[in-house]
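The structure under discussion appears below in the form of structure tokens.
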Amino acid sequence: MQTPILELAEDIRGYLGNNPMHITSGFRCKYCNDHLKGASKTSLHLVGGAIDFYIDNTSIKEILYYCAKLKMAGKIKYYYTNNTNMHGAVHINI
């Protein structure tokens with residue numbers, strides 16, 4: 001059984017062409033989160049409610065466009081992480 005965040009990730013991946021999705025950050029323990037520059041002390045990564053990802057052969061613009069549609073439907077919150085270590089991943093949380 002998948003968690004809601006993984007179901008959402010699979011929905012996004014499928015909608016955008018079923019290319020491989022790379023999750024650059026998923027669940028994080030408190031220790032890791034506390035030592036990650038810029039991480040919120042109340043991050044939803046701590047409870048498995050957030051992921052950062054990018055998708056092969058899919059522009060960030062395409063990902064953000066679909067995430068905006070999901071946000072308007074009240075399903076997610078999202079933002080673009082301009083972090084080059086994470087390939088400019090998109091963060092989503094439920």
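Filtering the stretch 59-75 to residues that are in contact with a helix residue (DSSP H, G or I) (Cβ under 8 Å, 6 or more places away or on another chain) and either outside any helix (DSSP H, G or I) or β-branched (Val, Ile, Thr) (or both) leaves ILE63, LYS75.
Do we find that ILE55 is farther than 15 Å from LYS77 by Cβ and without any contact (Cβ under 8 Å) to a residue 40 or more places away in the chain in this structure? Spelling it out, it is not the case that ILE55 is farther than 15 Å from LYS77 by Cβ and without any contact (Cβ under 8 Å) to a residue 40 or more places away in the chain. Here the stretch 65-85 is the region considered, the condition is being modelled with pLDDT of 90 or more and either touching a strand residue (DSSP E or B) at 6+ places or on another chain (Cβ under 6 Å) or aromatic (Phe, Trp, Tyr) (or both), and the residue that is surrounded by the fewest Cβ atoms within 10 Å (Cβ to Cβ) is TYR65.
Within the bounds of the stretch 25-45, is there any residue that is in contact with a Lys or Arg (Cβ under 7 Å, 6 or more places away or on another chain), of a type in the set (A, V, I, L, M) and surrounded by 15 or more Cβ atoms within 10 Å (Cβ to Cβ)? No: zero hits. The residues of the stretch 4-24 that are in a loop (DSSP other than H, G, I, E, B) and either surrounded by 15 or more Cβ atoms within 10 Å (Cβ to Cβ) or basic (Lys, Arg) (or both) amount to a single one, LEU16.
The values are calculated or read from the model by the stated rules, or taken from the named source; none is laboratory data. These numbers come from a predicted model, not from an experiment. Because the Cβ atoms are built from the backbone with ideal geometry, glycine has one as well, and the counts that use them run over all protein chains shown.
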